[in-house]
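Enquirer: Sending over a structure as structure tokens; questions will come in a sec.
The values are calculated or read from the model by the stated rules, or taken from the named source; none is laboratory data. Computed from a predicted model, the values in this text were never measured in an experiment. Just the protein is used for accessible areas: all its heavy atoms, side chains included, with ligands, DNA and RNA removed. Shrake-Rupley method; radii C 1.70, N 1.55, O 1.52, S 1.80 Å.
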Amino acid sequence: MVKNFYIFRHGQSSYNLEGRIQGHTNNSVLTNQGIDEAHNAASLLQDKKIEIVVSSPLRRAKQTGSIVSKMIKVPLQYDDRFTEVNVGIAEGLHYTKAQQKFGDLYRQWRSADPKYIDIHFENGESKRQVRQRVFSALEQYAQSKYNNIAISGHGITLTETLHALNIDKEDVDNGEIIHLQYDNDNWRYVGCIK
């Protein structure tokens with residue numbers, strides 16, 4: 001049976017607006033624009049027969065997931081495996097400060113080039129580690145009773161999910177929805193919904 005996954009990035013957050021690296025921080029909350037983006041995502045998912053919303057436990061994703069689940073009237077649960085990448089000592093830095101402080105490491109970490117899949121900041125995790133934990137969760141939900149699942153997640157976790165499927169997408173916008181299908185142990189990218 002085909003399972004549909006609608007994975008959306010949280011709405012714009014305070015750290016997005018400030019140009020700061022978020023990672024695992026729980027201090028970043030949705031802006032007014034982010035709240036609007038969450039409502040828009042819910043509207044786009046209204047006709048998708050979603051049965052459950054699973055969210056990262058970080059505030060910005062929780063807020064987005066809560067808005068979506070309430071609007072489409074389905075349960076909301078949390079799963080740590082959908083948390084944003086742990087950026088270690090880079091967390092909370094402004095992007096320009098991170099570029100200055102880490103130079104080549106920062107550029108390699110931001111690169112989509114597969115040769116940098118194991119690059120990480122001190123006390124942080126690599127893109128390979130992100131992919132492993134996200135796909136561990138996706139595989140579990142693919143085996144669940146649900147056929148149409150929405151997931152409230154984060155930019156880098158979404159981008160790395162796509163890169164793992166050989167989809168060359170530089171970034172996922174706030175509120176953007178990625179549609180994946182799972183069928184007979186195979187993942188397929190269907191497209192983006194905005």
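Enquirer: Express in whole angstrom the spacing between the alpha-carbon centres of segment 1-38 and segment 73-91.
Expert: The two parts, judged by their Cα centres, are 10 Å apart.
Enquirer: While we're here: For LEU93, which sequence-distant residues (separation of 5 or more, or a different chain) have an amide H within less than 5 Å of its own amide H, given hydrogens modelled in the peptide plane?
Expert: Result for LEU93 returns ILE21.
Enquirer: From the helices alone, meaning DSSP H stretches of at least four residues, give me the mean residue ellipticity at 222 nm for the chain, per-run term -39500 (n - 2.57), in deg cm²/dmol to the nearest 500.
Expert: Estimated from H runs of four or more residues: -11500 deg cm²/dmol.
Enquirer: Using a 1.4 angstrom probe on the protein heavy atoms only, line up ASP168, ASP183 by accessible area, largest first.
Expert: Reading off the accessible areas and sorting them downward yields ASP168, ASP183.
Enquirer: Okay, next question. Sequence-distant or interchain residues sharing an amide H contact under 5 Å with TYR78, placed H: which?
Expert: SER55
Enquirer: Also: With every protein chain left in place and a probe of 1.4 Å, what is the accessible surface of TYR95, to the nearest 10 Å²?
Expert: Number for this one is 80 Å².
Enquirer: Report which label in (1) 101; (2) 127; (3) 115 holds the value of volume of the Cα convex hull per residue in Å³ derived from the coordinates of this structure.
Expert: (1)
Enquirer: Sticking with this structure for a sec: Report the accessible area of SER126, computed with a 1.4 Å probe over the heavy atoms of all protein chains in place, in Å² rounded to the nearest 10.
Expert: Rounded to the nearest 10, the figure is 10 Å².
Enquirer: I'd like the accessible area for GLU84: 1.4 Å probe, protein heavy atoms, all chains in place, Å² to the nearest 10.
Expert: 20
Enquirer: Over 26 Å between Cα atoms: which of LYS70/LYS194; LYS73/LYS169; LYS62/LYS127; LYS70/LYS169 fall into that group?
Expert: Over 26 Å Cα-Cα: LYS73/LYS169; LYS70/LYS169.
Enquirer: If you don't mind, another one. What list of ³J(HN,Hα) couplings, whole Hz, do you get for segment 117-128 from phi and the Karplus terms 6.51, -1.76, 1.60, once you set θ to phi - 60° and write x for glycine and proline?
Expert: Here the 3J(HN,Hα) series is 4, 9, 6, 7, 7, 3, 6, x, 10, 8, 5, 4 Hz.
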